[in-house]
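Laboratory data are not the source of any read-out in this text; all were calculated from the coordinates shown. Worth saying up front: this structure is predicted, and the values here are computed from it rather than measured. In this analysis, Cβ positions are derived from the backbone assuming ideal geometry, glycine residues included, and neighbour counts consider all displayed protein chains.
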Amino acid sequence: MANELLKQEQAQVIQAISRPMTVQEVKEQVNIIQQVLMAVMKDGEHYGVVPGCGKKKVLLKPGAEKILSTFRIGTELSIEDLSDGYDFRYRVVCRGFYIPTGNTIGYGAGEASTGEKKYKWRAAICHEEFDAMPETKRQIVYLKDFKTGKIELYEQVRQSPADLANTVLKMAKKRALVDAALLVGSLSDIFHQDLEDIDLSGQQTGGKKYYTDQDGTISKAQAKRMFAISKGNADIIRQVLQEYGYERSEEVKKTEYDAICSKVEELVTQ
């Protein structure tokens, strides 16, 4: 008897999800999304507005996960390795299914590759590193700062694809998940797909041209000396800068310069 009741309940659920939604149900779904937005999701953490991309909200991975859990939607990922021996490239398909029944609701897809601009290039640690790179592994680009509207010069060097293999795999999974959330939740009229090339503060990827003699920061000559101490080892400089909370040499405070140079010298002699 219990098995018969269970079968009847499952049949009713399948019938309910297979029929078209009524206008009222569509409205209720939108209302639920709005309630989740106001009560649970946080601006800048689950979604945000990207400067220069209109007023439409951008759905981020944590927000996609909230949406999927709200509607009791599970996910199943299928990963395809499309790497070509140099660049790593992955395609991920995300199946969205209704957890109570296991029935497929829809699919999302995403790809990521180390050949993408944001992974192919990084900011040069200093001007000497940029000059030391072969011409095929360095570039100068001009990008617009969305905060100031100014066009600024960026010096970039080629990154090692192998160092980013896991990163691009995670990015492909993230893109597929967000795509699935937008599709199965019919959210494209509310959210954009996550835009990874521009963060929520409007800063584009890449390293801004450095070597300014701003008050309190090191000069070009001091940055050059630091690079010389490292004997041209950019990895050591990057490691030490990160330990002191810096991303680029232009940010180094003069008060910490001697300590940083000493640390670089210590690592070189190890």
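Across region 247-270, the residues whose backbone nitrogen lies under 13 Å from the label position 7 Å along the beta-carbon direction of Q239 are 263-270.
Cut-off is 10 Å between beta-carbons; in what order do M133, M41, M171 appear when sorted fewest neighbours first?
M133, M41, M171
Considering only I218, G245, T255, the residue lying farthest towards the positive end of the dipole of region 211-270 is I218, judged by Cα position with unit charges set on Cβ. Note on K220/V40: beta-carbon distance plugged into 1/(1 + (r/R0)^6) with R0 of 45 Å gives a FRET efficiency of 0.35. Of the cross-linked pairs K117/K137; K144/K174; K117/K224; K137/K263; K66/K170, which ones have a Cα-Cα span greater than 20 Å in the structure shown? The answer is K144/K174; K117/K224; K137/K263. Highest-first packing order for the peptide set 92-98, 255-261 is 92-98, 255-261, based on the mean count of other beta carbon atoms within 10 Å. Between amide H atoms placed 1.01 Å from N, distances below 5 Å from S83 occur with R89, all of them 5 or more places distant or on a separate chain.
Taken one residue at a time, the phi angles of region 165-181 give Karplus couplings (6.51, -1.76, 1.60, θ = phi - 60°) of 4, 5, 5, 6, 5, 5, 5, 4, 5, 4, 4, 5, 5, 5, 4, 5, 4 Hz. Gly and Pro are set to x.
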